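Engineer: Structure provided below as structure tokens; questions to follow.
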Amino acid sequence: MSQEVAFEPTEEQRRTVRAMSGYGVSQDDIATLPKVSPKTLRKHFGHELKRGSIEATAKVGQSLFRMATEGGSVAAAIFWMKARAGWREKQVPTEGGRSPAPSMVPNCGAASVNA
């Protein structure tokens, strides 16, 4: 009878799993690196899987916020207002049968965001 050796993750594996999770790699694919099943990956690397995703989202959010507020990126500012403030584009009819011009308006039906 052979006894299975308990899996013990290394610090390097933990860093790699955290990074890959942040990059959006699937758990099935991440599990191939330490050569474990997805179930074992979640058991031994649950913290790294969650933290990697949270850290990446926060970093991208920080970058987008800076682009919108300091970098002069109109596209970033519009995206931020749509995603965070519930704004949407509304077609505003014009005189003389011309194509309506889009304008940004607050979405009155959107739930308020408390950041």
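Every number in this text was worked out from the coordinates using simple rules, so none of it is lab data. What you see is a predicted model, and the numbers here were worked out from it, not measured in a lab.
Engineer: In sequence order, what are the phi-derived ³J(HN,Hα) couplings for the range 27-36 according to the Karplus relation 6.51 cos²θ - 1.76 cosθ + 1.60 with θ = phi - 60°, rounded to whole Hz, with x for glycine and proline?
Structural biologist: For the range 27-36, the Karplus curve yields 4, 4, 6, 4, 4, 6, 5, x, 6, 10 Hz.
Engineer: Rounded, prolate or oblate: which fits the range 33-76 when a ≥ b ≥ c are the square roots of the eigenvalues of the alpha-carbon gyration tensor, with rounded for a/c under 1.5 and prolate only if a/b beats b/c?
Structural biologist: It is prolate, given that a/c is not under 1.5 and a/b is the larger ratio.
Engineer: Scan around residue 87 for amide H atoms under 5 Å from its own, H built in the peptide plane at 1.01 Å from N, and keep only partners 5 or more places away or cross-chain.
Structural biologist: 82, 107
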